[in-house]
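Participant: The structure follows.
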Amino acid sequence: MPVGIFEQQEDLPFSITNYPNPFSNNSIIEIKGLKDFAGSCLLIENTLGQPVKQFLIKQQDSKFELSAANLSPGVYYYTVISKDKARLKTKIMSVIK
């Protein structure tokens, strides 16, 4: 993922949010309405595009708790990746400490 990428792919028929954002302890990433979720995952990356956490998406509406305990302060990207490795939707979140 290129550094400085903005939130994208808003026309897809599902939503992805995280709250609180920015966060210092824990944040909930919520996916709603993802119809073809089999084999999909939620990928968390730093600004260099390095993966820091990955979750398997097991149902159409899912919630994932992300702890800031092992994350440095800064900007991170969270992306829904389809089973064929396409990036469906990417959003930005911030860790503050």
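Participant: Taking the stated definitions as given, is Ser67 over 12 Å from Asn18 (Cβ atoms) and among the hydroxyl-bearing types (Ser, Thr, Tyr)? Spell out how you get there, then give the answer.
Facilitator: Numbers: over 12 Å from Asn18 (Cβ atoms): yes; among the hydroxyl-bearing types (Ser, Thr, Tyr): yes.
It is true that Ser67 is over 12 Å from Asn18 (Cβ atoms) and among the hydroxyl-bearing types (Ser, Thr, Tyr).
Participant: Just to be sure I understand, how many residues within the stretch 31-61 are under 14 Å from Ile16 (Cβ atoms) and among the basic types (Lys, Arg)?
Facilitator: Of the residues in the stretch 31-61, 2 are under 14 Å from Ile16 (Cβ atoms) and among the basic types (Lys, Arg).
Participant: Inside the stretch 16-36, can you point out the residues that are outside any strand (DSSP E or B) and surrounded by fewer than 20 Cβ atoms within 10 Å (Cβ to Cβ)? Explain how you work it out, then say what you get.
Facilitator: Applying the first criterion (outside any strand (DSSP E or B)) to the stretch 16-36 yields 20-22, 24-25, 33-36.
Matches in the stretch 16-36: Pro20, Asn21, Pro22, Ser24, Asn25, Gly33, Lys35, Asp36.
Participant: Within the stretch 24-43, work out how many residues are among the hydrophobic types (A, V, I, L, M, F, W, C) and more than 14 Å from the chain's Cα centre (by Cα).
Facilitator: Just the residues of the stretch 24-43 that are among the hydrophobic types (A, V, I, L, M, F, W, C), to begin with: 28-29, 31, 34, 37-38, 41-43.
Of the ones still in play, those that are also more than 14 Å from the chain's Cα centre (by Cα) are 37-38.
Total satisfying the criteria: 2.
Participant: Which pairs have Cβ atoms under 6 Å, sit 6 or more apart or on different chains, and link a residue in the stretch 21-49 that is farther than 15 Å from Thr90 by Cα to one that is aliphatic (A, V, I, L, M) and surrounded by fewer than 17 Cβ atoms within 10 Å (Cβ to Cβ)?
Facilitator: Pro22/Ile96; Ser24/Ile96
Participant: Step by step: first the residues of the stretch 47-73, then only those that are assigned to a loop (DSSP other than H, G, I, E, B) and among the β-branched types (Val, Ile, Thr), then the one that is surrounded by the fewest Cβ atoms within 10 Å (Cβ to Cβ). Which residue is that? If you could, list the steps in order and put the result at the bottom.
Facilitator: The initial filter retains those residues of the stretch 47-73 that are assigned to a loop (DSSP other than H, G, I, E, B), namely 47-50, 57-61, 68-73.
After this cut, where a residue has to be among the β-branched types (Val, Ile, Thr) as well, the list is 47, 57.
Values: Thr47: 15, Ile57: 20.
The selected residue is Thr47.
No lab work stands behind these numbers, since they all come straight from the coordinates. Fair warning: this is a prediction, and the values are worked out from it, not measured in the lab. Counting neighbours? That spans all protein chains shown, and the Cβs are built from the backbone with ideal geometry, glycine included.
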